[in-house]
Amino acid sequence: MIMRKVTIELELSEMAKEARRPTFEQVYSYEVLEVLKMDFEQALFVDLIECQTREDVSIHDLRTIGNMEILSVIRSEGNVHTCLVQGQEEGMTKDDYKELDLDLIYTTPSFQSEDRVIISFIGAQKNLMRFVDLMKDERIGKITNMTFKRAAYQKKDVISVLTDKQREVMVAAYRHGYYDLPKRISSERLSEKVDISKPTLLEHLRKAERRIFREIMEGYSEF
């Protein structure tokens with residue numbers, strides 16, 4: 001099957017901008033660098049983002065950006081920060097997401113500000129067109145630019161860059177719900193399950209996350 005990629009740029013309606021204003025009180029904008037997890041069934045996502053904070057805001061004072069919990073600040077340069085985040089779509093139920101689950105792959109570029117949105121998906125042409133129709137809603141805004149192009153999608157096994165122990169700990173963390181929202185297991189309980197101390201567990205997780213981020217970000221300058 002031929003896969004295509006659609007990128008849509010939206011100028012948001014006044015109603016949509018008003019609804020988004022609290023999200024952008026402390027940041028100007030954010031861009032998704034990598035989609036790490038998108039669960040339509042649970043309306044959950046985990047992303048690597050780059051955000052630009054407002055001049056009087058410290059990224060270390062923020063716990064959330066809108067509906068996204070900041071899990072880790074990976075890199076900062078001035079008021080531009082690379083962060084790992086996880087969240088749940090506001091106002092979306094599982095049934096809503098099932099309706100939107102058109103067998104599409106959420107991808108980059110993806111950009112959000114108070115008045116502008118850029119979103120991209122890969123999928124079959126007919127499913128992409130159905131999604132475009134959903135975006136043609138005056139309550140959301142006006143499509144100002146849209147591009148279609150042929151695309152290939154290959155899922156890379158980034159976990160292969162980890163050591164055996166890092167892989168064991170990270171897989172256990174994922175399986176037992178350490179990365180779920182909310183967490184289904186604490187670091188203390190997880191350390192008991194894998195039979196290592198809590199400090200050692202956290203060290204393995206930090207190193208594993210760093211290796212994965214480096215693999216994902218390979219090719220970005222000065223990272």
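The values are calculated or read from the model by the stated rules, or taken from the named source; none is laboratory data. Just so we're clear, the structure is a prediction, and the values are computed from it rather than from any experiment. Backbone-built Cβ (ideal geometry, glycine too); neighbour counts: all protein chains shown.
Taken over the stretch 11-37, the residue count meeting the criterion of being exposed (fewer than 14 other Cβ atoms within 10 Å of the Cβ) and outside any strand (DSSP E or B) is 6. Restricting attention to the stretch 125-149 and to residues that are surrounded by 12 or more Cβ atoms within 10 Å (Cβ to Cβ), farther than 25 Å from residue 18 by Cβ and touching a residue at least 60 places away in the same chain (Cβ under 8 Å), the residue that is farthest from the chain's Cα centre (by Cα) turns out to be 125. Across the stretch 99-121, the qualifying residues are those that are out of contact with any Phe, Trp or Tyr (no Cβ under 7 Å at 6 or more places or on another chain) and either loosely packed, with under 13 Cβ neighbours inside 10 Å or in a loop (DSSP other than H, G, I, E, B) (or both), and the one among them that is modelled with the highest pLDDT is 115. Residues that are part of a helix (DSSP H, G or I) and surrounded by fewer than 17 Cβ atoms within 10 Å (Cβ to Cβ) within the stretch 173-198 comprise 174, 175, 187, 188, 189, 192, 193, 198, listed in sequence order.
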